[in-house]
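Student: This is the structure, below, for whatever I ask next.
The values are calculated or read from the model by the stated rules, or taken from the named source; none is laboratory data. Small disclaimer: the values here were computed from a predicted structure and weren't measured. Note: ideal-geometry Cβ built from the backbone for every residue, glycine included; neighbour counts use all protein chains shown.
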């Protein structure tokens, strides 16, 4: 049986940084990272694939980052963990014994349960290269692009989709303003006016009630009764933690349905299993309350703590501070 | 060998409340509490023994609180814990097996290393009944009482020592005002003027450099050069966590030298051992930083969490908020 001191499950931001952090703290330990993706992306770069970068290949995290840090990479999917025997089973049939396990299985984008949301060319903001290539091809051919959700992902997508294209781009946002969960109204208004100047149409205080078309999307109908043409619909409305494996192996989850961890990023159920990133439950630094914000900055901060604490509890998570920045047109917006 | 599901070490506020909390959550579990004291006191009531209450006997916590909650009480001193075998050894020689252990060994008052601090009638604010009876007898005979430390314990002692006595009572405080670590200056000044009206002499911005006398204390010399007569000196300058046992059995301690716990009150070193109260390291709710404040309110809040989490992690410690109140003369002062 294959054996590693530390097995990291998941190869996106959290898994990668947890592995590197663990290797740097404990250079004598063998760290093995298992991820199901052939290639992984810089998550914050995904909207830019559709404009500034031009392709998923320009947004890749090179696997050399792992090998340069002495981390062994296995590309396979973990299907089970035997917590008593301390082994991980992968789809290929192999087993890997571990001493410490770091769960970093990330999150999946939400596909809203709107009538017609299963039609062709209705996309979510996936992190998969093949999916993003299909999505990019569809966006490149689209005349009318509708983005559901005016949060920072939706706004970035809208801004990027306008670059080098003469497609009609619309944002549908349920709140009175785009970016309203993150910014004060005066800054939302400023971002909106830049979007409008760049030709993005904004439909705020409206929801999408149905996605229209036959096999393929042809438009959306809003709660206001308006209908908007669409060749492509992009849902940018958040993500949910990937807890299927955690549930299978009996790790306790919390109010946000993510894996509950203590302030050392140890799961509550098993002192040898840590969790970090989007799969781990978060708490606000300010209120101590459960927080569902998913940011790579938070995920990597947690990953550094999880990796460092693997064999000796030394770093403490004081809670999440949502710090982020984005660019709309030529104007940067940031918030802490 | 005696066997309990939960062994609580320590019978003051934290141990008592941890035991009760645990019993209420898990009524089917056998909770056994070991404390070395024959009797225990309401800690917040100790200064009032010297005036309002009149004797330590008026400040006792009845053992019936334990028996009424189905908790077995053993009066003995724990000298060792075998974490591998999960047994506790007491001075009497007996061993007790446990499934979960809650450490609530509290704190001990600081005796400042001032020349002469070992003289007779130099007291610290102990929680022991016999000691407090000796102290009360000395206070009752004293003409001149000097209190070192103008924090809330020192101020309460000064105010109580004036009740029904015509002794001279002086407070020596190193800071510009009494109560300054807790209150804004305007409230400190108000408390000081009440103390002064009641005949307490205040020596602020001065330290005690030496405790004078032969075998027994006769006075103190201040950093200003002043000498003050004293038959009794009371040091109310804080406490240090009782970590001797924790150190013996290898539990990790933190920057405040208390036992480090996660936000579920589990010690970092052993998932079956919890710590709460003055022996456990605290963090500020507001800053997340280490905090050394020792209050029964905080200790019992932690104890409720520790007891509740013994068999199923369900309650989380969000950090310490120092809330307290006191009375000086007829005026109440409170702070949160």
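Student: Residue check: is residue B:150 touching a strand residue (DSSP E or B) at 6+ places or on another chain (Cβ under 9 Å), at pLDDT 95 or above, crowded, with 18+ Cβ neighbours inside 10 Å and not in a loop (DSSP other than H, G, I, E, B)?
Tutor: When the stated conditions are applied, residue B:150 does not pass them.
Student: Inspect the range A:254-269 for any residue being under 26 Å from residue A:150 (Cα atoms) and surrounded by 21 or more Cβ atoms within 10 Å (Cβ to Cβ) and give the result as yes or no.
Tutor: The answer is yes; a qualifying residue exists.
Student: Of all residues in the range B:270-306, which are out of contact with any strand residue (DSSP E or B) (no Cβ under 7 Å at 6 or more places or on another chain), farther than 17 Å from residue B:321 by Cα and touching a residue at least 40 places away in the same chain (Cβ under 8 Å)?
Tutor: Of everything in the range B:270-306, just one residue is out of contact with any strand residue (DSSP E or B) (no Cβ under 7 Å at 6 or more places or on another chain), farther than 17 Å from residue B:321 by Cα and touching a residue at least 40 places away in the same chain (Cβ under 8 Å), namely B:270.
Student: If I filter the range B:45-61 for residues that are farther than 18 Å from residue B:160 by Cβ and either modelled with pLDDT under 95 or in the same structural domain as residue B:296 (by TED's automatic domain parsing) (or both), do I get at least one hit?
Tutor: Yes, because at least one residue in the range B:45-61 is farther than 18 Å from residue B:160 by Cβ and either modelled with pLDDT under 95 or in the same structural domain as residue B:296 (by TED's automatic domain parsing) (or both).
Student: Restricting attention to the range A:222-229, does a residue exist that is surrounded by fewer than 16 Cβ atoms within 10 Å (Cβ to Cβ) and within 24 Å of residue B:314 (Cβ to Cβ)?
Tutor: No, that holds for no residue.
Student: So, one more: Out of the residues in the range B:240-260 that are within 14 Å of another protein chain (Cβ to nearest Cβ) and in contact (Cβ under 8 Å) with a residue 24 or more places away in the chain, state the one that is farthest from the chain's Cα centre (by Cα).
Tutor: Restricting to residues being within 14 Å of another protein chain (Cβ to nearest Cβ) and in contact (Cβ under 8 Å) with a residue 24 or more places away in the chain, the top hit is B:250.
Student: Filter the range B:178-203 down to the residues that are touching a helix residue (DSSP H, G or I) at 6+ places or on another chain (Cβ under 8 Å), without any contact (Cβ under 8 Å) to a residue 60 or more places away in the chain and not in a loop (DSSP other than H, G, I, E, B) and list them by number.
Tutor: Selection gives B:200, B:202.
Student: For the range A:102-113, what are the residues that are surrounded by fewer than 22 Cβ atoms within 10 Å (Cβ to Cβ), within 15 Å of the chain's Cα centre (by Cα) and not in a strand (DSSP E or B)?
Tutor: Matches in the range A:102-113: A:110, A:111.
Student: I would also like to ask the following. Test of understanding: among B:201, B:266, B:206, which residue is touching a strand residue (DSSP E or B) at 6+ places or on another chain (Cβ under 6 Å) and within 14 Å of chain A (Cβ to nearest Cβ)?
Tutor: The conditions single out B:266.
Student: Looking for whichever is surrounded by fewer than 22 Cβ atoms within 10 Å (Cβ to Cβ) and closer than 30 Å to residue B:266 by Cα here; the options are B:116, B:70. Which one fits?
Tutor: None of the others qualify; the one that does is B:70.
Student: So, one more: From the residues in the range B:276-298 that are surrounded by 19 or more Cβ atoms within 10 Å (Cβ to Cβ) and within 14 Å of chain A (Cβ to nearest Cβ), which one is nearest to residue A:287 (Cα to Cα)?
Tutor: B:283
Student: Also, quick follow-up: Return the residues of the range B:204-216 that are outside any loop (DSSP other than H, G, I, E, B) and touching a residue at least 60 places away in the same chain (Cβ under 8 Å); say none if nothing qualifies.
Tutor: Selection gives B:208, B:209, B:210, B:211, B:212, B:213, B:216.
Student: For the range A:299-326: of the residues being surrounded by fewer than 16 Cβ atoms within 10 Å (Cβ to Cβ) and more than 14 Å from every other protein chain (Cβ to nearest Cβ), which is farthest from residue A:21 (Cα to Cα)?
Tutor: A:325
Student: I'd like to know if the range B:42-57 contains one or more residues that are buried (at least 18 other Cβ atoms within 10 Å of the Cβ) and assigned to a strand (DSSP E or B).
Tutor: no
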